[in-house]
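**Q** Quick one: the structure is below, questions incoming.
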């Protein structure tokens, strides 16, 4: 893993969400690049889903925008920069940018931070990509709501019986 550090991307060339692997064993990432530097933050599916959800809510108050075609897929090879702990974001109306602050998951503060001032087009692409990622997820159990594997699911609400 590369040495950890903080980043400030005031004008990223791309900002994407993506996953590597098969459903049930996927590793999720938020990835950005600027001036040849690529940052890949390993995260949970819930991080990506929550970010897309909140960006979508923000878009309800903004003029429509076309997705950025450069912000659709992870750039290979994907090498983890650090593991994401938390996300925050806000809208810079003057610069017409959405500012995302990512903080590293660490036991020993202070951790690293990454700041990404993305365009609305990059955010629109992230929302669309996340919808595709989530559509490719494993189906959820109708009883407990947990993901089901192709070979069945031991449901905690059914006294350990396997559901298929």
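**Q** Quick check on the chain: of the DSSP beta bridges with both residues there, what percent are antiparallel, nearest 5%?
**A** 85
**Q** Okay, next question. Counting pairs of alpha carbon atoms under 8 Å apart in space and at least six apart in sequence, what relative contact order in percent does segment 1-88 give?
**A** RCO, segment 1-88: 35 percent.
**Q** Follow-up question, since we're still on this one. Please label the shape of segment 7-139 as rounded, prolate or oblate, based on the square roots a ≥ b ≥ c of the eigenvalues of the alpha-carbon gyration tensor (a/c under 1.5 means rounded; beyond that, a/b larger than b/c means prolate, else oblate). List each step's numbers first, then the result.
**A** Numbers: a/c = 1.45, a/b = 1.11, b/c = 1.30.
In terms of gyration-tensor shape, rounded.
**Q** At a 10 Å Cβ-Cβ cut-off, how would you order 158, 71, fewest neighbours first?
**A** Starting with the residue having the fewest Cβ neighbours, the order is 158, 71.
**Q** Place the peptides 23-31, 52-60, 115-123 in order of packing, highest mean first, counting for every residue the other Cβ atoms within 10 Å and averaging per peptide. Can you show the working numbers first?
**A** Numbers: 23-31: 17.2, 52-60: 14.6, 115-123: 21.0.
Highest to lowest by the protection proxy: 115-123, 23-31, 52-60.
**Q** Counting pairs of alpha carbon atoms under 8 Å apart in space and at least six apart in sequence, what relative contact order in percent does the chain give?
**A** 25
**Q** Cα axis of helix 45-59 to longest principal axis of the chain: angle in degrees, 0 to 90, nearest 10?
**A** 50
**Q** Quick one: order 146, 126 by neighbouring beta-carbon count within 10 Å, fewest to most. Mind dumping the intermediate values first?
**A** Working: 146 13, 126 27.
Neighbour counts put them in this order, fewest first: 146, 126.
**Q** While we're on this one: Cut-off is 10 Å between beta-carbons; in what order do 141, 43 appear when sorted fewest neighbours first?
**A** 141, 43
**Q** Hey, another quick one. Taking the 0 to 90 degree range and rounding to the nearest ten, how far is the long axis of helix 120-135 tilted relative to the main principal axis of the chain, both from C-alpha atoms?
**A** 10
**Q** Per 0.36 nm of contour for each residue apart, how much would the distance between residue 91 and residue 22 grow if the chain were fully extended, relative to their Cα-Cα spacing?
**A** Answer, rounded to one decimal: 21.4 nm.
**Q** Oh, and also: From the square roots a ≥ b ≥ c of the eigenvalues of the alpha-carbon gyration tensor of segment 86-151, which class results: rounded (a/c under 1.5), prolate (a/b over b/c), or oblate?
**A** The shape class here is oblate.
**Q** Shape call for segment 47-114 from the C-alpha gyration tensor, a ≥ b ≥ c root eigenvalues: rounded (a/c under 1.5), prolate (a/b greater than b/c) or oblate?
**A** Values: a/c = 2.25, a/b = 1.46, b/c = 1.55.
Verdict is oblate for segment 47-114.
Every read-out reported here was derived from the displayed coordinates using simple, explicitly stated rules and does not represent laboratory data. All of these numbers come straight from a predicted model, not from anything done at the bench. Counting neighbours? That spans all protein chains shown, and the Cβs are built from the backbone with ideal geometry, glycine included.
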